[in-house]
Amino acid sequence: MIELGIREFRERLSEVANGTDIVSVTSNGVEVGTYLPKRWVRDAEKVRQVADAVERARRELGARGMDLDGQMRLLGMTPWGEPLEE
């Protein structure tokens, strides 16, 4: 993933649009959006299948008494693996 400030994102939009990298757009160092190239969207069905599999695994772990979200918080991360806001 590439991180670009809003101004740089705007200046490089043509390059970014023709690229394959996911871009995190920031303002004053804070993420305000994400640019997802179309090639990632084309695999939306595959992404949905993976998300469903992850949710099934989360439910199965929960049924076994594991609090996955709690474990992620202990590691300082959201359930999606992103750093917790301080």
Which residues' amide hydrogens lie under 5 Å from the amide hydrogen of ILE22, considering only partners 5 or more residues apart or on another chain, with H built in the peptide plane?
-> ILE2
Karplus couplings for the range 18-32 from phi (6.51 cos²θ - 1.76 cosθ + 1.60, θ = phi - 60°), rounded to Hz, Gly and Pro as x?
-> 8, x, 10, 8, 6, 10, 8, 9, 10, 10, 6, x, 10, 5, 10
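Calculate for the chain the 222 nm mean residue ellipticity that helices alone would give, adding -39,500 (n - 2.57) per DSSP H run of length 4 or more and normalising by residue count, nearest 500 deg cm²/dmol. Show your work: numbers first, answer last.
Values: 5 runs with 43 residues, N = 86.
Calculated mean residue ellipticity at 222 nm is -14000 deg cm²/dmol.
What whole-number value in Å² describes the accessible area per residue of the chain for a 1.4 Å probe? Please list the in-between numbers first.
On the way: 7060 Å² over 86 residues.
Solvent-accessible surface per residue comes out at 82 Å².
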Counting Lys and Arg as +1 and Asp and Glu as -1, each charge on the Cβ, what is the dipole of the chain about the Cα centre in debye, to the nearest 20?
-> 380
Correct choice for Rg and Dmax of the Cα atoms in Å that was computed from the model, options [x] 16.7, 50; [y] 13.7, 49; [z] 13.5, 41 | [x]
Counting only residues 5 or more apart in sequence or on a different chain, those whose built amide H sits under 5 Å from that of MET77 are LEU84
Work out the charge dipole of the chain with +1 on the Cβ of Lys and Arg and -1 on the Cβ of Asp and Glu about the Cα centre, then indicate which of VAL30, ILE6, GLY19 is farthest towards its positive end.
-> GLY19
On the accessible surface of the chain, probed at 1.4 Å with all protein chains in place, carbon and sulfur together account for a percent value of 53
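The values are calculated or read from the model by the stated rules, or taken from the named source; none is laboratory data. Bear in mind the structure is a predicted one, so any value in this text is a computation, not a measurement. All Cβ positions, even for glycine, are placed from backbone atoms using ideal geometry, and neighbour counts span all protein chains on display. Side chains included, ligands, DNA and RNA excluded: accessible areas come from the protein's heavy atoms. Shrake-Rupley method; radii C 1.70, N 1.55, O 1.52, S 1.80 Å.
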